[in-house]
1. Inside the stretch 105-119, can you point out the residues that are open to solvent by less than 10 Å² (accessible area, probe 1.4 Å) and either within 24 Å of Glu186 (Cα to Cα) or of a type in the set (Lys, Arg) (or both)?
2. Does Leu20 satisfy the criteria of being open to solvent by less than 30 Å² (accessible area, probe 1.4 Å), farther than 28 Å from Pro193 by Cβ and not basic (Lys, Arg)?
3. Pairs needed: first member in the stretch 152-170, β-branched (Val, Ile, Thr); second member anywhere, within 12 Å of the ligand (Cβ to nearest atom) and at pLDDT 95 or above; C-beta distance under 6 Å; at least 6 residues apart or different chains.
4. Would you check if there is a residue in the stretch 202-209 being more than 18 Å from the chain's Cα centre (by Cα) and within 15 Å of the ligand (Cβ to nearest atom)?
5. Just the residues that are more than 28 Å from Ala25 (Cβ to Cβ) and basic (Lys, Arg), please, taken from the stretch 119-174.
6. Scan the stretch 226-255 residue by residue and report those that are away from the ligand (no atom under 13 Å from the Cβ), among the charged types (D, E, K, R) and in contact (Cβ under 8 Å) with a residue 12 or more places away in the chain.
7. Spot the failing condition for Leu20; the list is (1) within 15 Å of the chain's Cα centre (by Cα); (2) within 16 Å of the ligand (Cβ to nearest atom), and only one is missed.
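The values are calculated or read from the model by the stated rules, or taken from the named source; none is laboratory data. Keep in mind that what you see is a predicted model, and the values were worked out from it rather than measured. Note: ideal-geometry Cβ built from the backbone for every residue, glycine included; neighbour counts use all protein chains shown. Side chains are part of the model used for accessible areas, which takes the heavy atoms of the whole protein and leaves out ligands, DNA and RNA. Shrake-Rupley method; radii C 1.70, N 1.55, O 1.52, S 1.80 Å.
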Amino acid sequence: MEESAIRPREIQVLADAPALMRAAADEVGRVITEAVAERGWCAVALAGGSTPRGLYQLLAADHAAGRVLPWAGVHCFFGDERLVPPTHPESNFRMAWETLLARVPVPRAQIYRIMAERPARAAAAAYERDLRRHFLPQGDAPPRFDLILLGLGADGHTASLFPGTPALREERLWVAANPVPQLQTERVTLTFPVLNAARTALFVVSGADKAEAVARVLEPAPGGERLPAARVQPEQGRLVWFLDAAAAAKLPRAA
Ligand code: 6PG
């Protein structure tokens, strides 16, 4: 299929952020339950940033309220990480730990943190070894996550695949150390080969500040610049976008 072709995708627009988080939590629950029922376990890559915080808190609240998910079968990875220790306020691991992982019964041995307190290249190489150890890949085929959660930056980035950065061109490595000059930092991120091998790639996007990027990703202008998030096109999987009305505001009605 031509690189710029748009694959089938599911787009759900919810009225507001609470409705978005409710729908996303239900979808996450469905995917986890189905994967564990079918394969005995479920590999999930969590998104970072601020948007998923509400989703993680809701999943934890559901658990506390007795809404049972097979957390014991979940293996939890991360889509990307900032180059900070796990105790740092900017740490995606810390955010996910405090809002979800410390509150649901995912076995600690099944939580695979990116060791971003180390230099980016060393952290990326170590994480690739973790993926290889866990997924026991056939040849060079990238690992197939059951669920990859993703956010969207106002510049069209997802995970830590930012416009104009070298990791966008990575076709061999599964985890890249990515210099991000626009943030004057480096990040560690899963690469497109892994994102596009997912069984379900689920974007959760909220707020008016994302509306322009959502429209440019989902309804790109002919010949327009292709934003990184537009390149998430699972080969044999589902591409799902959950948006609140503010984030969907610039989409043509029939998108
Ligand atoms: C990160 C994320 C990143 C995030 C977007 C959106 O580490 O920051 O993985 O890709 O999803 O930047 O961030 P917000 O949800 O904070 O708007």
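1. If the condition is that a residue be open to solvent by less than 10 Å² (accessible area, probe 1.4 Å) and either within 24 Å of Glu186 (Cα to Cα) or of a type in the set (Lys, Arg) (or both), then Ile114, Ala116 are the ones that fit.
2. Answer is yes for this residue.
3. Thr158/Leu150; Thr158/Leu152; Thr158/Pro228; Thr158/Ala229; Thr165/Asn178; Thr165/Val180
4. Yes, the stretch 202-209 contains a residue that is more than 18 Å from the chain's Cα centre (by Cα) and within 15 Å of the ligand (Cβ to nearest atom).
5. Hits for the stretch 119-174 are Arg121, Arg129, Arg132, Arg133, Arg169, Arg172.
6. Arg226, Arg231, Glu235, Arg238, Lys250
7. Going through (1) within 15 Å of the chain's Cα centre (by Cα); (2) within 16 Å of the ligand (Cβ to nearest atom) one by one, Leu20 breaks only (1).
Per-residue answers, yes or no, for (1) within 16 Å of the ligand (Cβ to nearest atom); (2) within 22 Å of Val36 (Cβ to Cβ):
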{"position": "Tyr56", "(1), (2)": "yes, yes"}
{"position": "Asp62", "(1), (2)": "no, yes"}
{"position": "Gly73", "(1), (2)": "no, yes"}
{"position": "Asn92", "(1), (2)": "yes, no"}
{"position": "Ala96", "(1), (2)": "yes, yes"}
{"position": "Val106", "(1), (2)": "no, yes"}
